[in-house]
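So the structure is just underneath, and the comments pick up after that.
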């Protein structure tokens, strides 16, 4: 924590290509991070219809990518390449030049790396490792000893420097961060089997009968020459992936793989249920994941400066509310983003309401996730009726949640059931008798006017 | 751009009582998330004035910290920037700023090295939104030498801390009285001036030669017949925060929906330094009514008709009424606070009671705090 940033300058190493020379020295960073932020996150349903998962709001004023980015700067990693592909606009504007995370640097800092056209062939990023392979030049520019691979969809606080020390101590070629999970859940993860020195002897992808409970967190440190070689050797591999191809390749070649056990808070917010749960956990009196600690701050691009206003008729308990919101109704057990308006007589319970959304008067909102810039008209009731599974995508829209995509409009006095999804500018005609039954999906093209 | 800006933020003020022991008035926190000077600076930025000097002298540490980066107000461009001028010892001069005119005189080189034809002078202790270009257009239109922004005030208001003007039908200022005890007039100066840069340099230099140091007394009042001084009337919200009573009233104004709409939701925005604070948190037992709450607050008790600034902690069973709690105050359990302004970084012990009888009480409690 609060480390000296590792900018190294050395005499040129003639063997390397793509080095950046400055007079008689070259730029060198001991470790740089590559953040995979290109995934769609289709299990978040309408929430990721227009934005990549890392750019989805979290905890009121944050976005999911703020957590790995803040971890980077707090760990002293000041060079981060962010690999984008799916719907990158929101992500690009959020990251900008990296000012909120102190990643606007003369040398290094944050760089957004979308797929690009090449003289011989051009392709999208077909897999996690393929995305890194296509950016070999970027990594070589910084001449690193180690490369940290991160994914942009986890909520956690972690000191990557401690992991790097572990990597160095063990003279490892690759270190995989793992965390113990309950044995009965282990079959959902990539499982690492280790010896007494934490060296990985075997691994299994989503095993039916797990032999260990150490689940891979999708965070890797590689010694760069090892990774570089593996990427080049596997460059012809279709959809080259870290878990499926690179790690097995390294293992087969007898590289030293180690598991770094992490015991803090870590949450994959890949599904609507886990996303909702992780948000709700922030509300506890002393949350396991505490945003109020001075140590290890989470940074974000704040666009709302003003304070929030709570009216004389409101009642607010067990909630977190972000700046610039105006609350005239009652809010219980909810996470409210910045610039949100909640009208008089409205009751919001167990819900997540994101930035700049407007909830009208006399509404009832129960267990809903409402994305950014949504307009919910007066008298709307969300989250009533029976808990019937969603008819089209029961795996995505479950947990009894109402999910509303960004820029949607809901006309007055509409009633909406559970396990439902709404997106787009809806009209009263879209609802039979003014009701969207539990389990229905209503996705319309076009934004709110 | 046609103008440069100067923000006068130097003064101390005995009307602020204990509050000014800590900081210059321009650095006073306002409306939950802002500081006094944010309004003048945001107005400058939003009026496309890109070169702005802030003249500070009294207790400027807090202000300097707030202005440590100019990016929040979108200054710090290739052309222009934010300049912070505190008095320095030079070969010709080794005194403090002896007045507003003197503070400009001591930084006259900056004024001379600029090339913009006009100067907007503003003070850092008022809460308002203004497009200075409109004042400038009026200034050019009237062929004025100096334009003073003025405001009508209701009859019977205490004017003893304002400059009071009498204006003829055309808008020209006939009479200018500084801080009168009593007056028949009901137009006050807002302390915002537009003047041609060369004119200002000439007046300031002449003033200095005569050992005069105050812009209002020695320039505006002395030259009122010689120069064409015009009043630009504003009808928008404007309030000075230079006394405890007006500071309290201005903060409480933000509990009104129209004032909040005007400052928070209407273009253009008011900017401030952004701290990385989490959203405000309401725990079981929180009961907040008609109040402003800023980022980083944790509320466990009752808060009514009050303004909580950033990072305030309100303990269990606390009752806070009609009060202003400044930044980073920790309030222990079972405390009762009414009609008070609680100074920044105070630590209020549990089971305390502070009530402002006859007016506003200022609470300064520098108890030791153990931070985990």
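Given Cα pairs under 8 Å that are at least 6 residues apart, what percent is the relative contact order of chain A?
Normalised by residue count, the contact order of chain A is 12 percent.
Which value, in Å to one decimal place, does the Kirkwood hydrodynamic radius take for the range B:190-260 when every pair of different Cα atoms is included?
15.0
Can you tell which of B:169, B:102, B:185 shows the greatest fluctuation in a Gaussian network model of chain B with Cα springs below 10 Å?
Maximum fluctuation in the GNM of chain B, among the listed residues, is at B:169.
Sorted by mean Cβ packing within 10 Å, highest first, what order do the peptides B:84-90, A:274-280, B:190-196 take?
Descending packing order for the listed peptides: B:190-196, A:274-280, B:84-90.
How much length, in nm to one decimal, is gained on full extension between residue A:281 and residue A:199, taken as 0.36 nm per residue of separation minus their Cα-Cα distance?
26.2 nm
Enter the mean number of other protein chain beta carbons within 10 Å of the beta carbon of each residue in A:321-331, as an integer.
4
Mean separation of Cα pairs under 8 Å and 6+ residues apart, divided by the residue count of the range A:217-331: what relative contact order is that in percent?
With pairs under 8 Å counted, the relative contact order is 13 percent.
Could you check what % of the DSSP bridge pairs in chain A are antiparallel, to the nearest 5?
Counting DSSP beta bridges with both partners in chain A, the antiparallel share is about 35 percent.
Between residue B:351 and residue B:198, what length comes free when the chain is fully extended (0.36 nm per residue of separation minus the Cα-Cα distance, one decimal in nm)?
That works out to 49.0 nm of additional length.
Taking a quarter of the surface of the convex hull around the Cα atoms of the range A:257-308, what do you get in nm²?
The directionally averaged projection comes out at 6.4 nm².
Two decimals, Cα atoms only, Kirkwood Rh: what is Rg/Rh over the range B:225-276?
With Rh from the inverse mean 1/r over Cα pairs, Rg/Rh is 1.12.
On average, how many beta carbons from a partner chain sit within 10 Å of the beta carbon of a residue in B:255-267?
Mean shielding by partner chains, rounded to a whole number: 2.
Label the range B:280-368 by shape, choosing from rounded, prolate and oblate, from the square roots a ≥ b ≥ c of the eigenvalues of the Cα gyration tensor; if a/c is under 1.5 it is rounded, and otherwise prolate applies when a/b is larger than b/c, oblate when it is not.
Rounded.
Out of A:303, A:378, A:330, any idea which swings most in a Gaussian network model of chain A, alpha carbons joined below 10 Å?
The residue with the greatest mean-square fluctuation here is A:303.
Measuring from label point to label point, each 7 Å out along Cα→Cβ, what is the residue A:349 to residue A:296 span in nm?
Between residue A:349 and residue A:296, the label points sit 3.4 nm apart.
Ranking A:163, A:183, B:252 by Cβ neighbours within 10 Å, fewest first, what do you get?
Ranking A:163, A:183, B:252 by Cβ neighbours within 10 Å, fewest first, gives A:183, B:252, A:163.
So what's the gap between the Cα centers of the range B:72-135 and the range B:345-372, to the nearest angstrom?
37
Go ahead and set up a Gaussian network model of chain B, Cα springs under 10 Å, then flag whichever of B:206, B:224, B:311 fluctuates most.
B:206
How large is the helix-only mean residue ellipticity at 222 nm for the protein assembly as shown, computed as the sum of -39500 (n - 2.57) over DSSP H runs with n ≥ 4, divided by its residue count, in deg cm²/dmol to the nearest 500?
-4500 deg cm²/dmol
Run through the DSSP bridge list for chain B and note the antiparallel percent, rounded to the nearest 5.
For chain B, the DSSP antiparallel bridge percentage is about 30.
Does the range B:207-334 come out rounded, prolate or oblate by the C-alpha gyration tensor, with a ≥ b ≥ c the root eigenvalues, rounded set by a/c under 1.5 and, if not, prolate when a/b is larger than b/c and oblate if not?
It is prolate, given that a/c is not under 1.5 and a/b is the larger ratio.
Cα centroids of the range B:145-183 and the range A:61-95: how far apart, whole angstrom?
54
Report the FRET efficiency, 1/(1 + (r/R0)^6), for residue B:108 and residue B:328, where r is their Cβ-Cβ distance and R0 is 41 Å, rounded to 0.05.
Efficiency, from the Cβ-Cβ distance: 0.55.
Between residue A:137 and residue A:161, with labels modelled 7 Å along Cα→Cβ, what's the label distance in nm to one decimal, could you check?
That separation, rounded to one decimal, is 3.3 nm.
Given just the C-alpha atoms of the protein assembly as shown, how large is their convex hull per residue in cubic angstrom?
208
Fewest first, what order do A:416, A:56 take by the number of other Cβ atoms within 10 Å?
A:56, A:416
Classify the range B:1-133 as rounded, prolate or oblate, taking a ≥ b ≥ c as the square roots of the eigenvalues of its Cα gyration tensor: rounded when a/c is under 1.5, otherwise prolate if a/b is larger than b/c and oblate if not.
Judged from the Cα gyration tensor, the range B:1-133 comes out oblate (a/c at least 1.5, b/c at or above a/b).
Restricting attention to the alpha-carbon atoms of the range A:204-332, what are Rg (one decimal) and Dmax (integer), both in Å?
Computed over the Cα atoms of the range A:204-332, radius of gyration and Dmax are 22.2, 68 Å.
Let's test this: bin the Cα-Cα distances of chain A at 10 Å from zero up to the farthest pair and state each bin's percent.
Percent of Cα pairs in each bin: 4, 20, 28, 24, 15, 7, 1, 0.
Taking a point 7 angstrom from the Cα of residue B:2 along the C-beta vector, which residues in the range B:28-48 have backbone N less than 19 Å away?
Correct set: B:43-48.
Roughly how many whole Å is it from the C-alpha centroid of the range B:262-317 to that of the range A:297-352?
Taking the Cα centre of each part, the range B:262-317 and the range A:297-352 sit 10 Å apart.
Rule-based calculations on the coordinates, nothing more; no lab input. Worth saying up front: this structure is predicted, and the values here are computed from it rather than measured. A quick note on method: Cβ atoms are made from the backbone with ideal geometry, for glycine too, and the neighbour counts reach across all protein chains shown.
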